[in-house]
Amino acid sequence: PDVSLIIPVFNNELYLEESLSAARAQEGPSLEIIVIDDGSTDGSLSLIKAHAERDPRIVVIEQANQGVSAARNAGLGRVSGKWVAFLDGDDWIAPGSLAAWHQQAEQGELDCLLCNGFSFRAEPQAFLDSKPLAILNRQPWDSIVTGADWLVQGVIQREWPHYVWMQFCRHSVIEAAQMRFRRDMIHEDIPWTVQLALAVKRMGFSQPPRYGYRSNPSSLTQSRDADKVHHRIASYLKVAALLKGFAKGQPDALRGALQKQIMREMGHFLGKMRKGNVSRVHRSEFAAEFLAAGFAGTMLKGCSNYRELAATFKAWYMCQIWK
């Protein structure tokens, strides 16, 4: 096939009919649709199998619940297409999207095409017809750049989209860089996208918003459950540690961009520490980890104005108190 579309699914019964129908409606390039059921406990798997019976392009993978990273990795292990795209089980993709992305990627001899999207709550086609605001607005639309230059420019302009569902990637690039998703964290798109940026020599950009991201209030990132909040905070620390590792030995501009991104991720970390449902014991442990890792010093290197300096000092000071 020309394109492999990977769809991880976990308890997406309410939205899966819409997502799978949108995937199956794609025309143009030859397509395989790899759907991974990650141990769903609702009717998701039955829906997937019903669609697979009607469409031979669908490959079904069943596994015990291991998280979205493991599901995507299982999908990557079954890819046979030249290009790889991702669709979450509660999202939507506009008709003709894969054909448009495939054509642009082939004509530009790209390693990766960054696609645009929009956020919706219900009826994505009707919402798209109303011309919603696009998620991305400050990308170099008419250019082809290296992934590293894109990362630097995106961080500087405060629009570095580290969302895997916006990436239409050449499969050989993913395999040459030995890319897989981290299974021990959420925010797994961030280290994946850094790896991608470092591997990509020709990156292009598709401006029309064709990917529909469902704003789902029941998602993990919106949860107030203490265990899930703790997991999010721990993941911010893991992301910062990975970015710090990626920054070592890089040219000045790229190293500076990664350090600035660490500063922004630590801003999210501080926000969750202050306002999230965090136990006193966990807050103390996370603060000690922040201080021991030297993240305040790394944040300081990414500062470019007084506001960022103040935020860095605040993070260090609050962690001293919490510890």
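The values are calculated or read from the model by the stated rules, or taken from the named source; none is laboratory data. Note that the structure is predicted; figures quoted are calculated from it, not measured. Counting neighbours? That spans all protein chains shown, and the Cβs are built from the backbone with ideal geometry, glycine included. Ligands, DNA and RNA are stripped out before the accessible areas are found, and what is left, the full protein with its side chains, is counted by its heavy atoms. Shrake-Rupley method; radii C 1.70, N 1.55, O 1.52, S 1.80 Å.
Out of region 252-267, which residues are in contact with a helix residue (DSSP H, G or I) (Cβ under 8 Å, 6 or more places away or on another chain) and surrounded by fewer than 16 Cβ atoms within 10 Å (Cβ to Cβ)?
A253
Residue by residue through region 104-115, note down the ones that are surrounded by 14 or more Cβ atoms within 10 Å (Cβ to Cβ) and either out of contact with any Leu (no Cβ under 7 Å at 6 or more places or on another chain) or closer than 19 Å to Q26 by Cα (or both).
Q104, A105, E106, G108, L110, D111, L113, L114, C115
Exactly one of these conditions fails for S304: (1) among the polar types (S, T, N, Q); (2) outside any helix (DSSP H, G or I); (3) more than 26 Å from T146 (Cβ to Cβ). Give me its number.
It fails just one condition, (3).
Can you tell me which residue among I48, I7 is in contact with a Leu (Cβ under 6 Å, 6 or more places away or on another chain) and under 26 Å from R182 (Cα atoms)?
So the residue among I48, I7 that is in contact with a Leu (Cβ under 6 Å, 6 or more places away or on another chain) and under 26 Å from R182 (Cα atoms) is I7.
Looking for whichever is part of a strand (DSSP E or B), closer than 27 Å to D111 by Cβ, in contact with a Cys (Cβ under 7 Å, 6 or more places away or on another chain) and aliphatic (A, V, I, L, M) here; the options are V84, V59, V35. Which one fits?
V84
For region 280-292, indicate whether the set of residues that are part of a helix (DSSP H, G or I), open to solvent by 40 Å² or more (accessible area, probe 1.4 Å) and within 25 Å of Q195 (Cα to Cα) is non-empty.
Among the residues of region 280-292, at least one is part of a helix (DSSP H, G or I), open to solvent by 40 Å² or more (accessible area, probe 1.4 Å) and within 25 Å of Q195 (Cα to Cα), which makes the answer yes.
Step by step: first the residues of region 116-136, then only those that are assigned to a loop (DSSP other than H, G, I, E, B) and open to solvent by 100 Å² or more (accessible area, probe 1.4 Å), then the one that is nearest to I156 (Cα to Cα). Which residue is that?
That would be L133.
How many residues does region 297-306 contain that are of a type in the set (A, V, I, L, M, F, W, C) and either surrounded by fewer than 19 Cβ atoms within 10 Å (Cβ to Cβ) or at positive phi (or both)?
Residues in region 297-306 being of a type in the set (A, V, I, L, M, F, W, C) and either surrounded by fewer than 19 Cβ atoms within 10 Å (Cβ to Cβ) or at positive phi (or both): 2 in total.
Going residue by residue through region 197-205, is there one that turns out to be under 30 Å from E123 (Cα atoms) and open to solvent by less than 40 Å² (accessible area, probe 1.4 Å)?
Among the residues of region 197-205, at least one is under 30 Å from E123 (Cα atoms) and open to solvent by less than 40 Å² (accessible area, probe 1.4 Å), which makes the answer yes.
Given the condition touching a residue at least 12 places away in the same chain (Cβ under 8 Å), under 18 Å from R158 (Cβ atoms) and surrounded by fewer than 17 Cβ atoms within 10 Å (Cβ to Cβ), answer yes or no: does some residue in region 268-275 qualify?
yes
Of the conditions (1) surrounded by 12 or more Cβ atoms within 10 Å (Cβ to Cβ); (2) closer than 22 Å to I186 by Cβ, L309 fails just one. Which one is it?
Among (1) surrounded by 12 or more Cβ atoms within 10 Å (Cβ to Cβ); (2) closer than 22 Å to I186 by Cβ, the lone unmet condition for L309 is (2).
Would you pick out the residues in region 148-180 that are closer than 11 Å to V84 by Cβ and open to solvent by 30 Å² or more (accessible area, probe 1.4 Å)?
Once the filter is applied, which keeps residues that are closer than 11 Å to V84 by Cβ and open to solvent by 30 Å² or more (accessible area, probe 1.4 Å), region 148-180 yields R170, H171, S172, E175.
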